[in-house]
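S.K.: Got a structure here, written out as structure tokens. Questions coming.
Just so it is clear, none of the values below were taken in a lab; they were calculated from the coordinates. On a predicted model such as this, the values are computed, not experimentally measured, just so you know. A quick note on method: Cβ atoms are made from the backbone with ideal geometry, for glycine too, and the neighbour counts reach across all protein chains shown.
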Ligand code: ADP
């Protein structure tokens, strides 16, 4: 691969240049330099190997000829437009040959773009195995758990029926124990269901069913679903009406609804009785931002980055109204990112939290 020739003052001495060249050729990362017409000017050995080309055959070819995928041209053009910025988006994963998966990262320069190619075949294989394992495990656990739940319900009913008959007495302790088994199996069933959801979403981030979605319907629906829980917790749940009306976005209605329910559920769960939770949406020209604000216990600064990790809980002891699984927010993040959006939180311990989700409007949005 030939080195870029820029300012002569920056040109390294000959031996240094040979060293550098050797280093670039030894690198496991594929490196390519393209001019503004997207014609390859230089490519190292790894680039040829990753794209399954014979050594020395890439220079002079166009990006389309090299990658055989028009989405890569878009990624490179976007990086060039970003002027020095890099673009590694969801569409930058390239399939080569039978089963190789390569991620392409592009950085725009004055003369064109630099491309780095990374082989992620093994990583994707391990991710798939992990997701399949969780999927299988959750399936296997769900059946016996449902049976235990059913048996507990039957047992509780039987206890009520026999109590006081034929000298049988059901003590408060027995009742209490059966009720506890019921609550704990309920938590297990919820955890297994959420694990299954997460595994499914990780396995196929493309399984979103996109359509034009009225945020009014989604937001009202989610608030209604949480109404009874909020009342039980003594929390006031409010939906703020947007001044310019509700926007329509290109999204998977069920998933966005699930995301909102997760955020609202947490907001209510971590509020004190008498507290208020509000949900609102703000529209920008190309995106919408949905926020859920509470005035509850808040999140310590040190935990802010970690709450979106799976199974992460700030403090296992402090949850009111039943334990959680620590999966709700990682599911929410998956849904947001699956839509090309992002999720973040602003919070102050003791004062409350605001979770926000930004979703691009997409084609057909209004
Ligand atoms: P779960 O609520 O089931 O524990 P989540 O993934 O939804 O799991 O949330 C992870 C953790 O983030 C929670 O256990 C809690 O510590 C913290 N958290 C989430 N939402 C809030 C909130 N609105 N206020 C305070 N803490 C929160």
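S.K.: In what order do 102, 120 fall by count of nearby beta-carbon atoms within 10 Å, going from fewest to most?
M.R.: 120, 102
S.K.: Could you please tell me the mean projected area of the C-alpha convex hull for region 271-362, averaged over all directions and given in square nanometres to one decimal?
M.R.: 6.2
S.K.: With a 10 Å Cβ neighbour count serving as the proxy for reagent exposure, in which order, fewest first, do 129, 343, 76 appear?
M.R.: Least crowded to most crowded, the residues run 129, 343, 76.
S.K.: Please give, to one decimal in nm, the separation of the simple spin-label points placed at residue 311 and residue 71, each 7 Å out from Cα toward the Cβ.
M.R.: Simple spin-label model gives 3.1 nm for this pair.
S.K.: Next question, about the same structure. What nm value, rounded to one decimal, do you get for the distance between residue 129 and residue 39 when each label is placed 7 Å out toward the C-beta?
M.R.: For residue 129 paired with residue 39, the spin-label model returns 4.5 nm.
S.K.: If you average 1/r over every pair of different alpha-carbon atoms in region 208-364 and take one over that average, what Kirkwood value in Å do you get?
M.R.: 15.7
S.K.: From the C-alpha gyration tensor of region 69-203, pull out the three semi-axes of the equivalent ellipsoid (sqrt of 5λ each), sorted largest to smallest, in whole Å.
M.R.: Whole-Å semi-axes of the equivalent ellipsoid: 59, 15, 9.
S.K.: In a GNM of the chain with a 10 Å cut-off on Cα contacts, which of 243, 116, 79 has the highest mean-square fluctuation?
M.R.: Greatest mean-square fluctuation among the candidates belongs to 243.
S.K.: Still on this structure: Given springs between every Cα pair under 10 Å in a Gaussian network model of the chain, which of 273, 247, 55 has the largest fluctuation?
M.R.: 55
S.K.: Could you put 67, 229 in order, starting from the residue whose Cβ has the fewest other Cβ atoms within 10 Å?
M.R.: 229, 67
S.K.: Enter the Cα centre distance for the pair region 268-290 and region 34-66, rounded to the nearest angstrom.
M.R.: The distance from the Cα centre of region 268-290 to that of region 34-66 comes to 49 Å.
S.K.: From Cα coordinates alone, what are the radius of gyration and Dmax values for the chain in angstrom?
M.R.: Answer for the chain, Rg first and Dmax second: 27.3, 103 Å.
S.K.: Also, quick follow-up: Write down Rg/Rh for region 25-122, rounded to two decimals, with Rg from the C-alpha atoms and Rh from the Kirkwood relation over Cα pairs.
M.R.: When Rh is taken as the Kirkwood radius, the ratio is 0.93.
S.K.: Could you tell me the center-to-center distance, by alpha carbons, between region 121-135 and region 169-198 in angstrom?
M.R.: The two parts, judged by their Cα centres, are 31 Å apart.
S.K.: Ok, one more. Name the most mobile residue of 139, 70, 334, meaning the one with the largest mean-square fluctuation, in a Gaussian network model of the chain with Cα contacts below 10 Å.
M.R.: In the Gaussian network model the winner is 70.
S.K.: Per DSSP helix of 4 or more residues, -39500 (n - 2.57); summed, then divided by the residues of the chain. What does that give at 222 nm, rounded to the nearest 500?
M.R.: -14500 deg cm²/dmol
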